[in-house]
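The structure appears right after this line, and notes come after that.
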Amino acid sequence: MNERRIVFVIFDGFQSLDLTGPHEVFQYADKLAGGYRRQIVAPRPGPVASSSGLPVHAAHGVADLDPGGIDTLVVAGGTGVDRARHDPELTGWIADAAAGARRVASVCSGVFLLAAAGLVDGLRVTTHWARAEQLAREHPGVRVDCDPIFIRDGRVWTSAGVTAGMDLALALVEADLGREVAHAVARELVLFLRRPGGQSQFSVGLWSAQPATDSLRAVVSAIHADPGARHGIAELAACAGLSPRHLQRRFTAELGTPPAAYVERVRVEAAQRALAGGDDPVETIARRYGFGTAETLRRAFHRHVGVAPSDYRDRFRSTKEQI
């Protein structure tokens, strides 16, 4: 097999896990199957301070590393990206390297460097949810979707924050070397193989606001306590001591989403845990968590997770059984 050259781009203030996570994935894949050569490049060679202060040695600077012949270019993110993206030598080198690379990838806010290099105009990309609004505002030609943990649009792959970079790297390894090698890498690194790219960045506790009033806190607690119970608008209104219409308005205002959508997300997350942790049939899980039928659960899973429940179980359970 031809050797694949993987080049990681870092800069002062990069997020160390954006580099070390994907680097470890490719390193162990190389140990198992061979075929990966890894290099680290920065604006200048030598020690590069990460945002946490951890120094990493970059063997190459952009002035001395040939941008040609790269298989996969991986650009880290971090707080320093705001300065790095205004470095014309760095963004010019990224553009030159990307022109001949088979694949281009970014982790977290590294997509800002891809945008500065003119590589994502017209593409659908993701980034850390906290930077999504800024990315969309500053680059209106880019289609920003901050929900998935990673997105592939043609040969450009972008991922959300930190650990999502490892999910992206596993997906790249699986595309190159097959599912078995990717499984082995995931086992070694004690990772799930692999979170689907379409899976949301947000658990319910992250994507929703917290209720501001006792009446809605009672409603939210009831939903989480028993996701499969009857949680129609009438039942939730009775729990809150409000009229259904008033509850609908208050819930949407305080939590940022309608009650029915909130209930569905909680139920999907409960079903995810059940699929990964047990052997109950999909039909049983669908009934237990309020979906009624396996088909209803399947549609909800595709909306929120991006894969079918059976595929989700296969990915999570097969890895867990072997680590």
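Candidates in the range 27-39 are the residues that are under 24 Å from the mean Cα position of the chain (by Cα) and open to solvent by 30 Å² or more (accessible area, probe 1.4 Å); of these, the one that is farthest from ASP66 (Cα to Cα) is TYR28.
Among residues of the range 303-318 that are assigned to a loop (DSSP other than H, G, I, E, B), those with a beta-carbon under 6 Å from a residue that is open to solvent by 20 Å² or more (accessible area, probe 1.4 Å) and at pLDDT 85 or above at least six positions away or on a different chain give the pairs ALA308/ARG298. Among the residues that make up the range 98-117, is at least one of them among the charged types (D, E, K, R), open to solvent by 40 Å² or more (accessible area, probe 1.4 Å) and closer than 26 Å to VAL173 by Cβ? The answer is yes, given that some residue of the range 98-117 is among the charged types (D, E, K, R), open to solvent by 40 Å² or more (accessible area, probe 1.4 Å) and closer than 26 Å to VAL173 by Cβ.
Going by what's in this entry, would GLY277 be described as modelled with pLDDT of 90 or more and not hydroxyl-bearing (Ser, Thr, Tyr)? Answer is no for this residue. With respect to (1) in contact with a helix residue (DSSP H, G or I) (Cβ under 7 Å, 6 or more places away or on another chain); (2) surrounded by fewer than 23 Cβ atoms within 10 Å (Cβ to Cβ), the lone exception for HIS86 is condition (1). In the range 41-65, the residues that are on the phi > 0 side of the Ramachandran plot reach residues that are open to solvent by less than 10 Å² (accessible area, probe 1.4 Å) with C-beta atoms within less than 9 angstrom, at least six apart or across chains, in these pairs: GLY46/ALA58; GLY46/GLY61.
Among the criteria (1) in contact with a helix residue (DSSP H, G or I) (Cβ under 6 Å, 6 or more places away or on another chain); (2) part of a loop (DSSP other than H, G, I, E, B), the one LEU65 does not fulfil is (1). Within the range 168-183, the residues that satisfy the criterion of being open to solvent by 20 Å² or more (accessible area, probe 1.4 Å) and either over 17 Å from ALA33 (Cα atoms) or not charged (D, E, K, R) (or both) are ALA175, LEU177, GLY178, VAL181. Pairing each residue of the range 120-138 that is among the hydrophobic types (A, V, I, L, M, F, W, C) with any residue that is open to solvent by 40 Å² or more (accessible area, probe 1.4 Å) and part of a helix (DSSP H, G or I), provided the two are 6+ apart or on different chains, yields C-beta distances under 9 Å for TRP129/LEU206; TRP129/TRP207. State which residue is farthest from ARG5 (Cα to Cα) when the search covers only the range 41-62 and only residues that are open to solvent by 30 Å² or more (accessible area, probe 1.4 Å) and either of a type in the set (S, T, N, Q) or not in a loop (DSSP other than H, G, I, E, B) (or both). Among residues in the range 41-62 that are open to solvent by 30 Å² or more (accessible area, probe 1.4 Å) and either of a type in the set (S, T, N, Q) or not in a loop (DSSP other than H, G, I, E, B) (or both), the one farthest from ARG5 (Cα to Cα) is SER52. One residue stands out in the range 143-167 among those that are among the hydrophobic types (A, V, I, L, M, F, W, C) and open to solvent by 10 Å² or more (accessible area, probe 1.4 Å): the one that is nearest to ALA99 (Cα to Cα), namely VAL156.
When ALA218, ALA212 are screened for being of a type in the set (Gly, Ala, Ser), farther than 19 Å from GLU269 by Cβ, under 35 Å from the mean Cα position of the chain (by Cα) and loosely packed, with under 14 Cβ neighbours inside 10 Å, only ALA212 passes. Cβ separations smaller than 6 Å between residues 6+ apart or across chains give the following pairs from the range 215-226 residues that are free of Cβ contacts under 8 Å to residues at least 24 places away in the same chain to residues that are part of a helix (DSSP H, G or I) and open to solvent by 40 Å² or more (accessible area, probe 1.4 Å): ALA218/CYS239; ALA222/CYS239.
The values are calculated or read from the model by the stated rules, or taken from the named source; none is laboratory data. Values in this document were obtained by computation on a predicted structure and should not be read as measured data. Quick reminder, even Gly has a Cβ in these numbers, built from the backbone with ideal geometry, and neighbours come from all protein chains shown. SASA here: full protein model, heavy atoms, side chains in, ligands and nucleic acids out. Shrake-Rupley method; radii C 1.70, N 1.55, O 1.52, S 1.80 Å.
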